[in-house]
């Protein structure tokens, strides 16, 4: 029998995890035994449902429990145990890039894109792009030949100027243009990572980056994100244990959590990087969505140990695929060589279009409008989520995302498959984890999450799961 001690200094979540683990180990709870539902356990022990959700999630991650869609949580069979008659096969939660790309790109036509990673077309800078295209046609841009391997010089100079305004002292010669931030991250990964290397990543973090690193043979080591940024103590312990040489991270408006690392944490990350020989790849692609001027790893380090990555694809147009990286000259030349080997040059035409959009006079007004619009959507979507009983990881009030979970929706992957049939694209949490597992966390893109049909579908799913749990 499990007895909790609220007066103890040991957190209730840890008490539940340790107690259930002991009961499973000593066979008080036998293989395939069904645990009480989350709400039933919470009511029986006088704790919150979110405490039980966290405890069950940890036991699933540690391999003691298994979550079965529409059935609940069961004691997992350990090695050597024979499978129970009729037991359904365990869900395959290995990261599947093909599944992810299908969801993100083949499902673009689903009417409700609450889990996608881009903005609605009428939130983007379409007018600026069209004006830039007209100007480019008027100027008679040369269409033959290749662009510069480093990218369009005028745009590189503009980026250097913009970074200087963010206290990153950089010249145009330290800027390399890429096909979006994805190519920038790919170049950095291929330059820095060898098969078998331990590589630090945000956990939860960026799915495409994680797949890219796995493809290179890296061993991913997840650095836990908190609503306040990094778990710095965990980061330090992971560095000591795994001895990685690189940390790919997103300090500002991180996807999927929206969390922002404060300056004190950034200084500590840089201290650890210096002490342990780490290179930091800072993905700052949401900087233009941030209404606040914040320090970055690059501004504090001045590109000594930092490769700084940015992009215009999120705020101008995803179709332009214009990103960049800034770093020390020697590193930049090595990355330029990799870029040429894999694709010669990036598109001079799209870089010129981006430059025209950024300099035609309405760019700053567009950004101000976009930031205000995102902040308003954050407030409304957060209210709708909490009204349905969701727990919010944090409330950044900026950027594109909210990270949330509901105590009755414990398998986000299965939920996502079900609601896709109703025209809803969700962002299931297991895709964002360094070590994928069943989880209830979901990423919501606030710009696509104000459709009343989304809330009707989620409410119906919650009601259905609650009814099944009571049955």
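The values are calculated or read from the model by the stated rules, or taken from the named source; none is laboratory data. Here the structure is a predicted model, which means the values were calculated and not measured. Here the Cβ is made from the backbone with ideal geometry for all residues, glycine too, and neighbour counts use every protein chain on show.
Remarks
- Residue in the range 92-112 that is at pLDDT below 75, surrounded by 14 or more Cβ atoms within 10 Å (Cβ to Cβ), more than 24 Å from residue 203 (Cβ to Cβ) and in contact with a helix residue (DSSP H, G or I) (Cβ under 8 Å, 6 or more places away or on another chain) present: yes
- Here 192, 200, 209, 176 are screened, and the one residue that is modelled with pLDDT under 95, under 24 Å from residue 330 (Cα atoms) and outside the structural domain of residue 430 (by TED's automatic domain parsing) is 209.
- Residues located in the range 23-41, provided they are in a loop (DSSP other than H, G, I, E, B), over 16 Å from residue 52 (Cα atoms), out of contact with any helix residue (DSSP H, G or I) (no Cβ under 6 Å at 6 or more places or on another chain) and touching a residue at least 40 places away in the same chain (Cβ under 8 Å): 30, 31, 32, 33
- Scanning the range 256-265 for residues that are touching a helix residue (DSSP H, G or I) at 6+ places or on another chain (Cβ under 8 Å) and buried (at least 24 other Cβ atoms within 10 Å of the Cβ) turns up 256, 261.
- Lone unmet requirement of (1) assigned to a helix (DSSP H, G or I); (2) closer than 17 Å to residue 203 by Cα; (3) out of contact with any helix residue (DSSP H, G or I) (no Cβ under 7 Å at 6 or more places or on another chain) for residue 456: (2)
- Matching residues in the range 420-452 - criterion: being in a helix (DSSP H, G or I) and in contact (Cβ under 8 Å) with a residue 40 or more places away in the chain: 420, 429, 430, 431, 432, 446, 447, 448
- Residue list for the range 9-22, filter: assigned to a helix (DSSP H, G or I) and either in contact with a strand residue (DSSP E or B) (Cβ under 9 Å, 6 or more places away or on another chain) or surrounded by fewer than 18 Cβ atoms within 10 Å (Cβ to Cβ) (or both): 14, 18, 19, 20, 21, 22
- The range 220-251 - residue that is surrounded by fewer than 19 Cβ atoms within 10 Å (Cβ to Cβ) and touching a strand residue (DSSP E or B) at 6+ places or on another chain (Cβ under 7 Å) and, of those, nearest to residue 278 (Cα to Cα): 245
- Against the numbered list (1) within 30 Å of residue 66 (Cα to Cα); (2) within 18 Å of the chain's Cα centre (by Cα); (3) surrounded by fewer than 23 Cβ atoms within 10 Å (Cβ to Cβ), residue 439 comes up short only at (3).
- Among the residues of the range 132-148, those identified as modelled with pLDDT of 70 or more and surrounded by 15 or more Cβ atoms within 10 Å (Cβ to Cβ) are 132, 133, 135, 136.
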